[in-house]
Amino acid sequence: MQQNNNSDQLSKFVEICHDNNLKVTPQRVAIYSELLHLNTHPTADEIYQIVKKQYSNISFDTVNRTLLTFAQIGVVDIVEIFGGAKRFDPDVKNHHHLHCIQCGKIFDFYCREYDDLEVPNEVHKQFQVKSKRVVLRGICKDCLEKNQIKAKKNKKHGVKLEQHSTNPCKGDK
Ligand SMILES: [Zn+2]
Ligand SMILES: [Zn+2]
């Protein structure tokens, strides 16, 4: 039923990969397609179990890293995780979060406008809101710097990236 919608999303996916110099390999397409197809917010392992039937030599690590890369370039989202290790926040006042999707660190930030965000009426009808927090997901400064260093190294080692137009890095000596 959602076939058309899915193929639209798939072409958008290809477009965003190109914009981010990410090669559109059959494996990556398979991973993304399964994610679209399942439509159940699957885990990396669920995707891996399906994709490995098609690509027997693919590893869980590759699938996992691919999904994280997809999140980084903004083609997929990481759903708020409530399992795993506990995270402690020393700030109990009203504040908001910056969540690094690469290293998992959560940083605080403050914004009056966000504090004053109105809860939509539909939500009030079915849910008693106790607190509000805005979570912005992205990549922290440290990770951005690490990525840049890694990209430079890859360049040095001759890892071929498709049309590297942006990022006017200074050439190393
Ligand atoms: Zn980070
Ligand atoms: Zn916090």
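Since every read-out is calculated from the coordinates, none of them should be taken as a lab result. Bear in mind the structure is a predicted one, so any value in this text is a computation, not a measurement. Note that we place each Cβ from the backbone using ideal geometry, even for glycine, and neighbour counts take in every protein chain shown.
Only aspartates and glutamates eight or more places from K130 in sequence, or on another chain, were considered; those with a Cα closer than 20 Å are E80, D89, D91, D108, E113, D115, D116, E118, E122.
DSSP bridge analysis restricted to the stretch 91-161 gives an antiparallel fraction near 50%, rounded to the nearest 5. Projected over all directions and averaged, the alpha-carbon convex hull of the stretch 91-161 occupies 7.3 nm². Under 5 Å from the amide H of C140 lie the amide H atoms of I101, Q102, C103, each residue being 5 or more positions distant or on a separate chain, with H modelled from the backbone and absent for Pro and chain starts. The alpha-carbon of K155 sits under 15 angstrom from the alpha-carbons of these aspartates and glutamates, leaving out residues fewer than 8 places away in its chain: D172. Phi-derived couplings, Karplus 6.51 cos²θ - 1.76 cosθ + 1.60 at θ = phi - 60°, listed residue by residue for the stretch 109-116: 8, 10, 7, 4, 4, 5, 4, 8 Hz, with x used for Gly and Pro. 3J(HN,Hα) along the stretch 147-153, derived from phi through the Karplus expression 6.51 cos²θ - 1.76 cosθ + 1.60 where θ = phi - 60°, amounts to 4, 5, 5, 4, 4, 4, 4 Hz, with x in place of Gly and Pro.
Grab the Cα-Cα distance for K155 and E113, subtract it from 0.36 nm times how many residues apart they are, and report the gain in nm with one decimal.
Gain on extension, K155 to E113, equals 10.9 nm.
Compute the FRET efficiency between S131 and R65 as 1/(1 + (r/R0)^6), taking r as their Cβ-Cβ distance and R0 = 41 Å, and round to the nearest 0.05. Taking R0 as 41 Å, the efficiency between S131 and R65 is 0.75.
Mind checking the dipole of the stretch 3-73: about its Cα centre, +1 per Lys or Arg Cβ, -1 per Asp or Glu Cβ, Debye to the nearest 20? List each step's numbers first, then the result.
Values: 6 positive and 7 negative charges, 37 e Å.
Charge dipole of the stretch 3-73: 180 debye, to the nearest 20.
For the peptides 97-105, 54-62, 114-122, the ranking by packing is 97-105, 54-62, 114-122, with the highest mean count of neighbouring Cβ atoms within 10 Å listed first.
Translational diffusion of the stretch 3-73, estimated by Stokes-Einstein from the Kirkwood radius over alpha carbon pairs at 20 °C in a medium of 1.002 mPa s, is 174 µm² per second. Karplus-derived 3J(HN,Hα) values for the stretch 117-130, using 6.51 cos²θ - 1.76 cosθ + 1.60 with θ = phi - 60°, are 3, 7, 7, x, 4, 4, 5, 4, 5, 10, 7, 8, 7, 9 Hz; glycine and proline are entered as x.
Could you sort out which of K52/K153; K105/K141; K23/K153 sit more than 21 Å apart by Cα distance in this structure? All intermediate terms of the calculation are to be shown ahead of the outcome.
Working: K52/K153 30 Å; K105/K141 11 Å; K23/K153 18 Å.
In this structure, K52/K153 lie more than 21 Å apart at Cα.
Spin-label model, D77/N21: points 7 Å from Cα along the beta carbon direction are separated by 2.9 nm.
Compute the normalised compactness of the stretch 1-146: alpha-carbon radius of gyration over 2.2 N^0.38 Å, N being the residue count. Don't jump to the answer; show the numbers that get you there.
Values: Rg = 18.1 Å, N = 146, 2.2 N^0.38 = 14.6 Å.
Normalised by 2.2 N^0.38 Å, the Cα Rg of the stretch 1-146 equals 1.24.
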